[in-house]
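Asker: A single structure is presented below for examination.
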Amino acid sequence: MPIEQRVKIAAEKADLTPEEIEILSSGGGLPMEVADRMIENVVGTMAYPFGIAVNFRMNGRDRLVPMAIEEPSVVAAASNMARLMRDGDGIKTSTTDPVMIGQIQVLDVPDMEKALDALKDAKDALLKLANQQDPVLVRFGGGARDIEPRVLETEVGRMLVLHLLVDCRDAMGANAVNTMCETLAPVVSEITGGRVLLRIISNLADHRLARAETTIKKESLGDEKVIDDIIAAWAFADADPYRAATHNKGIMNGVIAVALAVAQDHRALESGAHAYAARNGRYTSLSRWSKNENGDLVGVLEMPMAVGIVGGATRTHPTARLALKLMGVSKANELAEVMTAVGLAQNLGALRALVQEGIQHGHMRLHARNLVVMAGAEGDLIQKAVNELVASGEIRFDKAQEIVKRLKG
Ligand code: MEV
């Protein structure tokens, strides 16, 4: 479809206003004065392609999935795999409560046992003090829930680390959690007799997990051999960190593209995902693929998903607000579920391509398209030229020029 038609359909489905439609074609949708308030020393803005993955059905609901990414094939692969998933029962998604961890590091504790007991006794008072820092979060049903003291043996000796568990509801939570930790610090120091050093959120958000699961009918994938090969490809990643890093990169292609479209802290998501993938002492695959009793393919992805839809860039960036509307997301947990579903679809797309034609095939078709357009192809001629260029096996600019020149007559 031409871009205008895509925009028209998306606008109809998501009920976009003329102003919102305008944002899509404004070259990034971020006015300079907004950018200038977001970071320091702003001299411009930088746009990414913003596409929409289709066919996603999650818990019985269809959603458009906006993705911002510079890499070709990702949006197409997500959409194709979502179509296969849709032929089954779609994607089942869920989340835990959105609980983040804040860490308070305590050094020079004179009596560790006594300090641990004293912290346990002070739990209610600490939670109360933490919650006084964020009445709005508490009003929305969130707030500090628990404390977990831990003792760490380190290069500089033993230290006590107090975890503060905070239900962040629809916020990513870094601000709320860091404020709470900083407020608790002097009290924790007094209770333990130690010296508090760091007071900061942990990006290993292993209490805030999102899960996506899908079953793909064996007929949808051609034959059972493809399913066995996909499982063998997954087993490779499960067993080998060298492969797991690339396998998980494919998952993050999907997760981060959606994260960028809604202006999330994608560095937090990356570090959380990879730390979680190594939680048992060896870095491994975030996903798991297996076969059910019918011989169908079953995929599960569970990972930390620290996302927020209130505050931060998600609220200030016009395109991010628009992306949330396109997705029909009104809760942070829903966003987390969409992102995990896209991660799972992306993972399947990569595995399916890798066990069959290889990853370059799809990339090269898109590359061929770019080349023929650069060589001057327009309209119907584009597809014809792409087909010829791919068939020639020489996907280069000079070849594209030769083909386009001939087809133009
Ligand atoms: C490329 O961006 C992602 C893949 O390498 C992922 C994978 O190997 O599973 C194709």
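A short reminder: the numbers here are calculations on the coordinates, not readings from a lab. In this text, all values refer to a predicted model and were calculated from it rather than measured experimentally. Cβ coordinates were reconstructed from backbone atoms using ideal geometry, including for glycine residues, and neighbour counts include every protein chain displayed.
Asker: Between R195, R37, R208, where does the largest GNM mean-square fluctuation fall for the chain, given springs only between Cα atoms within less than 10 Å?
Answerer: Comparing R195, R37, R208 in a Gaussian network model of the chain, the most mobile one is R37.
Asker: Note down the net charge around A257, summing +1 for each Lys or Arg and -1 for each Asp or Glu among other residues with Cβ under 14 Å from its Cβ.
Answerer: -2
Asker: For region 104-168 and region 13-32, what is the separation of their C-alpha centers, rounded to whole Å?
Answerer: Centre-to-centre distance over Cα atoms comes out at 44 Å.
Asker: From the Cα gyration tensor of region 90-156, with a ≥ b ≥ c the square roots of its eigenvalues, which class applies: rounded if a/c is under 1.5, or else prolate if a/b is larger than b/c, or else oblate? Let's see the in-between values first.
Answerer: Working: a/c = 2.89, a/b = 1.56, b/c = 1.85.
Since a/c reaches 1.5 but b/c is at least a/b, the shape of region 90-156 is classed as oblate.
Asker: Moving on. Show me, bin by bin at 10 Å from 0, the whole-percent P(r) of region 46-202 based on Cα pairs.
Answerer: 10, 29, 20, 17, 17, 7, 0
Asker: Another one. Under the definition of Cα pairs under 8 Å and six or more residues apart, what whole-number percent is the relative contact order of the chain?
Answerer: Reported relative contact order: 19 percent.
Asker: Can you give the local net charge around M58? Use residues other than it whose beta-carbon is closer than 11 angstrom to its beta-carbon, Lys and Arg +1, Asp and Glu -1.
Answerer: 0
Asker: In Å and from the alpha-carbon atoms only, list the Rg and Dmax of region 223-332.
Answerer: Radius of gyration, then largest Cα-Cα span, for region 223-332: 16.6, 49 Å.
Asker: Count charges around E388 for me, please; just the other residues with Cβ under 15 Å from its Cβ, Lys/Arg as +1, Asp/Glu as -1.
Answerer: +4
Asker: Here is a further query. Which GluC sites (Glu not before Pro) from region 1-98 combine a DSSP loop assignment with at most 14 other Cβ atoms within 10 Å?
Answerer: Those satisfying the criteria are E40, E70.
Asker: So which trypsin sites (Lys or Arg not before Pro) in region 263-372 end up in coil per DSSP with only 16 or fewer other C-beta atoms within 10 Å?
Answerer: Filter output for region 263-372: R279, R282, K331.
Asker: Oh, and also: Taking loop as defined by DSSP and a crowding limit of 13 other beta carbons within 10 Å, which GluC sites (Glu not before Pro) in region 359-409 fit?
Answerer: When the GluC sites (Glu not before Pro) of region 359-409 are filtered for loop state and at most 13 Cβ neighbours within 10 Å, E378, E394 remain.
Asker: Per-residue ellipticity at 222 nm for the chain, helices alone: DSSP H runs ≥ 4 residues times -39500 (n - 2.57), over residue total, nearest 500 deg cm²/dmol?
Answerer: On the way: 17 runs with 212 residues, N = 409.
Per the formula, -16500 deg cm²/dmol.
Asker: Then there is this: Say the cut-off is 23 Å between C-alpha atoms; which of K217/K325; K249/K384; K218/K249; K13/K218; K8/K325; K92/K218 go over it?
Answerer: Where the Cα-Cα span goes over 23 Å, the pairs concerned are K217/K325; K249/K384; K218/K249; K13/K218.
Asker: List the lysines whose Cα lies under 16 Å from the Cα of K120, skipping any in the same chain that are fewer than 8 positions away.
Answerer: K128
Asker: So which helices of the chain fit the span-like rule, where a helix is a whole DSSP H run, its Cα atoms reach 24 Å or more along the axis, and its mean Kyte-Doolittle is at least 0.5?
Answerer: Within the chain the helices that satisfy the rule are 174-192, 332-355.
Asker: Would you work out if region 281-409 is rounded, prolate or oblate? Take a ≥ b ≥ c from the square roots of the eigenvalues of the alpha-carbon gyration tensor; rounded if a/c is under 1.5, else prolate when a/b is larger than b/c, oblate otherwise.
Answerer: Verdict is oblate for region 281-409.
Asker: Let me ask something else. Counting every Cα pair in region 37-114, what percent are over 21 Å apart?
Answerer: In whole percent, the share of Cα-Cα pairs in region 37-114 beyond 21 Å is 61.
Asker: With a Cα-only, solvent-free Debye model of region 128-273, what are the log10 I(q)/I(0) values at q = 0.11, 0.12, 0.13, 0.14 Å⁻¹?
Answerer: The computed values of log10 I(q)/I(0) come out as -0.64, -0.73, -0.80, -0.88.
Asker: What percent does the relative contact order of region 255-378 come to when contacts are Cα pairs within less than 8 Å and at least six residues apart?
Answerer: Details: 100 pairs, mean separation 30.3, N = 124.
After rounding, I find 24 percent.
Asker: Oh, and also: Mind pulling the per residue volume of the convex hull built on the Cα atoms of the chain? Å³ is fine.
Answerer: Considering the Cα atoms of the chain, their hull volume per residue is 185 Å³.
Asker: Whole Å is fine, so just give me how far the alpha carbon centre of region 358-409 lies from that of region 184-239.
Answerer: Cα centroid to Cα centroid, the span is 41 Å.
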